[in-house]
Amino acid sequence: MPEIKDDPDSIPNPTRLFRRIHPDMIVMDQNSGQRRPTSANFSDSSDGTPMSVYAENIALANGEKPEDYLQGRWASFFLAAVIAGNMREHGQEVYPDPENQDADEVFQSHAAVKGKKDNKTRKKLGEKSEWVIPPPKDQQK
Amino acid sequence: MSTTMPWPGLSNSGPSSLTDRYNDIGIIEVPMDVSRWSCYRIRESLPSTTRKSRQHAAYIELSPDGASVPSWLEASLPGIERLMTLSAGWDQQGAPAIQMSAIKMALSALIEFMNETSSAPQWTPTPRGGVQLDWHERGVDLEIEFDTNATQGYAVFSDHRNDELDWDGTVAENLGRLKSLFMDRLNARDQG
């Protein structure tokens with residue numbers, strides 16, 4: 001099977017890539033006065049597969065909404081986004097990957113971010129992230 | 001930010017413990033006289049009297065032998081306790097439980113470069129069962145990851161005032177930088 005490559009035609013650089021954020025993987029950034037996802041959120045999966053995201057352009061075309069990604073077992077999570085172009089600036093390949101999802105959830109916008117993610121890269125990606133569905137104010141320190 | 005959070009039982013007069021459900025045991029002995037940081041050590045054994053059940057088999061015991069617990073250490077306890085409650089699969093994607101070895105590695109490193117007035121870290125889990133410590137304050141960002149597959153922490157530092165001062169590398173090779181950083185900038189003593 002041919003290796004999947006970066007696909008800026010399907011996911012252009014300005015596209016927001018949604019990433020689920022575990023509630024324990026958020027820190028207070030006193031420099032900005034806001035909470036933010038830790039850099040560890042921007043890692044590949046623990047099974048070694050590339051980092052999973054949802055591409056906003058494909059989501060819009062398929063009627064998916066950000067809150068759809070936080071249903072069921074993901075209900076306690078929050079949602080952040082990094083621009084596809086930022087991922088590519090840090091050596092990542094971004095491409096649609098609708099086939100590699102758990103059977104209990106299928107989103108056409110599912111995409112992969114493939115590439116080496118060392119500590120420095122993860123930190124940069126974390127700094128570039130923005131909240132889409134943030135933790136409520138009363139959970140913020 | 002509040003740097004001190006109460007932990008029941010933590011006092012200057014004797015050991016305190018964190019417990020969770022895992023059968024993994026460690027004791028952290030922390031000398032409270034900062035001039036004797038080098039006396040710090042970790043014991044792997046556990047007094048039989050504290051081995052009551054598997055539900056409460058994992059704990060870290062802080063055995064202060066001196067005058068006071070540094071505020072950063074006391075402030076760290078709730079975060080460590082939270083990490084110890086995360087069971088396998090906590091991230092819904094098959095992440096292992098947070099390993100005691102990673103927590104101990106992190107505490108060992110902190111003792112090496114923190115002083116008694118250092119700013120407390122924020123403790124968070126990593127998907128591979130390790131821990132990450134974050135400081136984002138006073139115009140600097142510092143992250144140190146303690147991965148279960150590594151023998152020591154890996155730090156990434158950035159300075160908002162001058163990105164030429166940014167660096168990354170292992171804790172051991174940057175010990176001097178870390179000591180200076182916590183003495184000069186990441187220090188609760190100077191925070192209003």
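The values are calculated or read from the model by the stated rules, or taken from the named source; none is laboratory data. All figures in this text were calculated on a predicted structure; none of them were measured in a lab. Cβ atoms come from the backbone with ideal geometry, glycine included; neighbour counts cover every protein chain shown.
Quick check: is even one residue across region B:157-169 crowded, with 17+ Cβ neighbours inside 10 Å, in the same structural domain as B:G94 (by TED's automatic domain parsing) and not in a strand (DSSP E or B)? For region B:157-169, residues crowded, with 17+ Cβ neighbours inside 10 Å, in the same structural domain as B:G94 (by TED's automatic domain parsing) and not in a strand (DSSP E or B): absent.
When we screen B:D168, B:D141, B:D163, B:D147 for residues that are within 23 Å of A:T121 (Cα to Cα), among the acidic types (D, E) and in contact with a Ser or Thr (Cβ under 6 Å, 6 or more places away or on another chain), the only hit is B:D141.
When A:I83 is tested against (1) away from chain B (no Cβ under 14 Å); (2) modelled with pLDDT under 95, exactly one condition is not met: (2).
Only one of the numbered conditions (1) touching a residue at least 40 places away in the same chain (Cβ under 8 Å); (2) touching a helix residue (DSSP H, G or I) at 6+ places or on another chain (Cβ under 7 Å); (3) more than 20 Å from A:P23 (Cβ to Cβ); (4) facing chain A (nearest Cβ under 9 Å) is not met by B:E116, and that is (4). Over 15 Å from A:R19 (Cα atoms) and of a type outside the set (D, E), is that true of A:K116? Yes: the conditions hold for A:K116. Put simply, of B:L142, B:L77, B:L110, B:L83 the only residue that is part of a strand (DSSP E or B), in contact (Cβ under 8 Å) with a residue 24 or more places away in the chain and assigned by TED's automatic domain parsing to the domain that holds B:D168 is B:L142. Among residues of region A:1-44 being aliphatic (A, V, I, L, M), facing chain B (nearest Cβ under 10 Å) and part of a strand (DSSP E or B), the one that is farthest from A:A80 (Cα to Cα) is A:M28.
Just so you know, in region A:27-55 the residues that are in contact (Cβ under 8 Å) with a residue 12 or more places away in the chain and hydroxyl-bearing (S, T, Y) include one that is surrounded by the fewest Cβ atoms within 10 Å (Cβ to Cβ), and it is A:T49. All of A:R73, A:R20 fail the test of being crowded, with 19+ Cβ neighbours inside 10 Å and among the basic types (K, R), apart from A:R20.
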